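The values are calculated or read from the model by the stated rules, or taken from the named source; none is laboratory data. No experiment lies behind these values; they were computed from the predicted model shown. Methodologically, a virtual Cβ is constructed for each residue, glycine included, from the backbone with ideal geometry; neighbour enumeration extends over all protein chains shown.
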Amino acid sequence: MIVRPLFDYQFRVIVIGNTMVGKSSLVRHFVEDGAPQQLSCEPTVGVDFFARTVQLSDGRRVKLTLWDTAGQEKFRSITRSYYRNAVAALIVFDVGCRASFEAVPAWHAEARRCMASEHACCLLVGQKADLPPALRRVGADEAAYMAAQLGVPYMETSAVSGLNIDATFCHLAQLVYSQFAAGSYDGKLGRGGGGVGNGNGADWDGIRVGYAPYGTFADSAFRIGDDSNGKGNGGCC
């Protein structure tokens with residue numbers, strides 16, 4: 001009997017940006033399957049970990065492991081160590097905070113410098129899009145222009161209304177998978193903990209192949225966003 005894995009692939013994603021831009025609210029809304037987030041919360045200390053499984057347009061299931069990083073400078077030496085093994089980055093700013101937007105190029109440059117794969121994907125996110133127009137400090141057109149200059153997609157989200165939350169993470173997963181299918185991450189895919197070989201004898205953890213049958217311990221550990229029949233309720237692409 002062929003046993004279907006819990007997920008076909010696992011993608012490791014790092015979430016970066018200035019402090020208090022809404023990174024944690026964005027991630028929590030996604031992994032808690034639409035639960036509205038409070039307007040403000042305590043800043044992340046170091047790094048928090050989350051995960052959820054989504055379904056791609058071709059039916060493949062991808063487990064996104066999300067590393068929500070602190071934006072404060074005092075934690076940067078800690079968070080930088082999480083870049084290397086990420087295959088994608090969400091760069092988040094607050095549309096009501098001009099300074100967080102102006103910091104985006106620096107965050108993008110740091111991600112490109114520190115991520116091990118030159119084909120790692122980035123996506124720019126304008127958070128708190130539910131703000132009234134009078135309180136916005138960054139327009140959608142201006143943000144889209146910056147994203148185009150950086151060569152990355154742009155999406156606006158709201159952890160209060162739920163605007164584009166699932167769509168953002170699913171779009172990022174689809175971008176990574178498209179790169180993977182095109183051979184950008186060619187190498188040996190391991191199972192049982194192995195990642196994609198980076199060509200120099202060391203494993204890179206940005207992408208992993210799914211494994212572990214239903215009904216095992218790994219089932220309960222990894223089945224985030226799936227129902228009891230193994231049909232992901234996190235499918236959104």
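Could you say which residue among Gly235, Gly193, Gly206, Gly183 is loosely packed, with under 12 Cβ neighbours inside 10 Å and either at pLDDT below 50 or assigned to a strand (DSSP E or B) (or both)?
Gly193
I'd like to verify a number: residues in region 159-168 that are in a helix (DSSP H, G or I) and either surrounded by fewer than 18 Cβ atoms within 10 Å (Cβ to Cβ) or out of contact with any strand residue (DSSP E or B) (no Cβ under 6 Å at 6 or more places or on another chain) (or both), how many?
Looking only at that region, the number is 3.
Give all pairs with beta carbons closer than 8 Å in which a residue from region 42-54 that is of a type in the set (Lys, Arg) meets a residue that is modelled with pLDDT under 60 and in a strand (DSSP E or B); count only pairs at least 6 apart in sequence or on separate chains.
Every condition considered, no pair remains.
For region 39-51, indicate whether the set of residues that are of a type in the set (S, T, N, Q), surrounded by fewer than 23 Cβ atoms within 10 Å (Cβ to Cβ), modelled with pLDDT under 90 and part of a helix (DSSP H, G or I) is non-empty.
no
Mind counting the residues in region 116-154 that are part of a loop (DSSP other than H, G, I, E, B) and under 21 Å from Ala167 (Cβ atoms)?
11
Does any residue of region 72-83 turn out to be modelled with pLDDT of 85 or more, on the phi < 0 side of the Ramachandran plot, surrounded by fewer than 21 Cβ atoms within 10 Å (Cβ to Cβ) and assigned to a loop (DSSP other than H, G, I, E, B)?
The answer is yes, given that some residue of region 72-83 is modelled with pLDDT of 85 or more, on the phi < 0 side of the Ramachandran plot, surrounded by fewer than 21 Cβ atoms within 10 Å (Cβ to Cβ) and assigned to a loop (DSSP other than H, G, I, E, B).
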